[in-house]
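What follows is one structure encoded as structure tokens, with my remarks underneath.
The values are calculated or read from the model by the stated rules, or taken from the named source; none is laboratory data. These numbers come from a predicted model, not from an experiment. Note: ideal-geometry Cβ built from the backbone for every residue, glycine included; neighbour counts use all protein chains shown. The area values use the complete protein model at the heavy-atom level, side chains included, leaving out ligands, DNA and RNA. Shrake-Rupley method; radii C 1.70, N 1.55, O 1.52, S 1.80 Å.
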Amino acid sequence: MKDKEFAVEKIRSQYTEQQHTELDALKALDSKAKRPANIFGYTYGSLSALVMGAGMSLIMTDIGAVLGMTGKMVPGIAMGAVGLTMCCTTYPIYKKILNSRKKKYAHQVMELSDRIMKG
């Protein structure tokens, strides 16, 4: 019987209007501070992995021959090195963006969290 009541309450709560609390505002502010760094990290990291993979594929497969390249080793190594460099720089750039965003929103987060903690 308790499982039924829990399921009913869970479904019912989805259809009632929720009041936004200060904790919701704090979560939204935290997300707002972190979102640009996360978007950069995922995008730049994926792009760098693709560049590095393209360089590796150029060396190890017949893609170079299909593209009409005779010497595919040097361009493949160069492309892979560029991709690897991009991969290695993703995290430091991500941290720099994140720290600058945290610094920008620190005052607001601290004010709001102090208000929540004091009640």
Do we find that Arg115 is in contact with a helix residue (DSSP H, G or I) (Cβ under 8 Å, 6 or more places away or on another chain), in contact (Cβ under 8 Å) with a residue 40 or more places away in the chain, within 30 Å of Lys32 (Cβ to Cβ) and loosely packed, with under 15 Cβ neighbours inside 10 Å in this structure? yes
Looking for something surrounded by 12 or more Cβ atoms within 10 Å (Cβ to Cβ), in contact with a helix residue (DSSP H, G or I) (Cβ under 7 Å, 6 or more places away or on another chain) and part of a loop (DSSP other than H, G, I, E, B) - is there at least one such residue anywhere in segment 33-42? no
Within segment 68-83, residues being part of a loop (DSSP other than H, G, I, E, B) and farther than 21 Å from Ala49 by Cβ number 4
Among the residues of segment 84-101, is any over 30 Å from Gly55 (Cβ atoms), assigned to a helix (DSSP H, G or I) and basic (Lys, Arg)? yes
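Only one residue in Gly55, Gly45, Gly64, Gly76 is open to solvent by less than 50 Å² (accessible area, probe 1.4 Å), farther than 30 Å from Met117 by Cα and modelled with pLDDT of 95 or more, so which one is that?
Gly45
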